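What follows is a set of notes on a single structure, which appears directly below.
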Amino acid sequence: MILYIARHGETDPDQKPEPLLTETGFDQAKRLGERMKKFKLDCVFASSLIRAQQTAKETADLQNLPIEVFPEIYEVENGETIDHAYQRAVVAVKKLREQFQGDERIIVFAHGTFNNCLISAALGFPVRSDFNFCQENTGLTCIKFMPDGKIKAEFINDYGHLDNPEF
């Protein structure tokens, strides 16, 4: 299985209770969808939060796939510990590996802090409060689960689909 993990596009932090994508965020989502067009995806997953689904829509539409909401995948909530979020990520990776055991390509659209947990869980690393995998808006990570049991991080937080990243 090839697992792509993407963070949602830029949001307006002043929007409450749930921020939506900005115009820039929609553009980032479109560019990521165009990038992913060259790969035949088998499944598109997203968190239940609107910003993740808005970002996933571009890729799903171009792949002619539905967006499937994955119950364990949502941003770390107020009061939730990073260890609890990591345990959700471990469960998510286990479910994905049980469901996809061949050469499938899947993508998960989620959130910066949770994606850090998801990447750590996929690679078999413990989560640490003093370290994280950088997750810029629409940053893309690719993890390959090889037939021999090895796991390869192809790339982490790649945003080459954005012409002029602002960081």
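The values are calculated or read from the model by the stated rules, or taken from the named source; none is laboratory data. No experiment lies behind these values; they were computed from the predicted model shown. Cβ placement follows ideal geometry from the backbone for every residue including glycine, while neighbour counts extend to all protein chains displayed.
Provide a single number: the residues in the range 73-101 that are part of a helix (DSSP H, G or I) and either more than 17 Å from Gly149 (Cβ to Cβ) or in contact with a helix residue (DSSP H, G or I) (Cβ under 8 Å, 6 or more places away or on another chain) (or both). Break it down into steps so the answer makes sense when it comes.
Initial filter on the range 73-101 (part of a helix (DSSP H, G or I)): 82-99.
Pick out the ones that are also either more than 17 Å from Gly149 (Cβ to Cβ) or in contact with a helix residue (DSSP H, G or I) (Cβ under 8 Å, 6 or more places away or on another chain) (or both) and you get 82-93, 95, 99.
Residues flagged as part of a helix (DSSP H, G or I) and either more than 17 Å from Gly149 (Cβ to Cβ) or in contact with a helix residue (DSSP H, G or I) (Cβ under 8 Å, 6 or more places away or on another chain) (or both) within the range 73-101 amount to 14.
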task = Out of the residues in the range 28-85 that are over 29 Å from Asp130 (Cβ atoms) and β-branched (Val, Ile, Thr), state the one that is nearest to the chain's Cα centre (by Cα).
result = Val44
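Table: residues versus (1) touching a residue at least 40 places away in the same chain (Cβ under 8 Å); (2) out of contact with any Leu (no Cβ under 7 Å at 6 or more places or on another chain).
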| site | (1), (2) |
| --- | --- |
| Thr81 | no, yes |
| His84 | no, yes |
| Ala89 | no, no |
| Ala92 | no, no |
| Lys95 | no, yes |
| Gly102 | yes, yes |
| Ile106 | yes, no |
| Thr113 | no, yes |
| Leu118 | yes, yes |
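Does at least one position in the range 7-22 carry a residue that is assigned to a helix (DSSP H, G or I), of a type outside the set (D, E, K, R) and either farther than 24 Å from Ala121 by Cα or in contact (Cβ under 8 Å) with a residue 12 or more places away in the chain (or both)? Steps first, answer last, please.
Taking the range 7-22 as the starting set, the residues that turn out to be assigned to a helix (DSSP H, G or I) are none.
No - not one qualifying residue is present in the range 7-22.
Can you tell me which residue in the range 64-91 is modelled with the lowest pLDDT, limited to those that are in contact with a strand residue (DSSP E or B) (Cβ under 8 Å, 6 or more places away or on another chain) and of a type in the set (A, V, I, L, M, F, W, C)? Spell out the reasoning first.
Initially, the range 64-91 is screened for residues in contact with a strand residue (DSSP E or B) (Cβ under 8 Å, 6 or more places away or on another chain), giving 65-70, 73-75.
Applying the additional criterion that residues be of a type in the set (A, V, I, L, M, F, W, C) yields 65, 67, 69-70, 73.
Details: Leu65: 98, Ile67: 98, Val69: 95, Phe70: 88, Ile73: 92.
If we take residues in the range 64-91 being in contact with a strand residue (DSSP E or B) (Cβ under 8 Å, 6 or more places away or on another chain) and of a type in the set (A, V, I, L, M, F, W, C), then Phe70 is modelled with the lowest pLDDT.
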inquiry  = So in the range 13-50, with the set limited to residues that are over 18 Å from Tyr74 (Cα atoms) and of a type in the set (Phe, Trp, Tyr), which one is surrounded by the fewest Cβ atoms within 10 Å (Cβ to Cβ)?
reply    = Phe39
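Between Phe131, Phe114, Phe109, Phe155, which is closer than 18 Å to Lys95 by Cα and either part of a strand (DSSP E or B) or over 12 Å from the mean Cα position of the chain (by Cα) (or both)? Break it down stepwise before answering.
Working: Phe131 fails: closer than 18 Å to Lys95 by Cα; Phe114 fails: either part of a strand (DSSP E or B) or over 12 Å from the mean Cα position of the chain (by Cα) (or both); Phe155 fails: closer than 18 Å to Lys95 by Cα.
When all the criteria are applied, what remains is Phe109.
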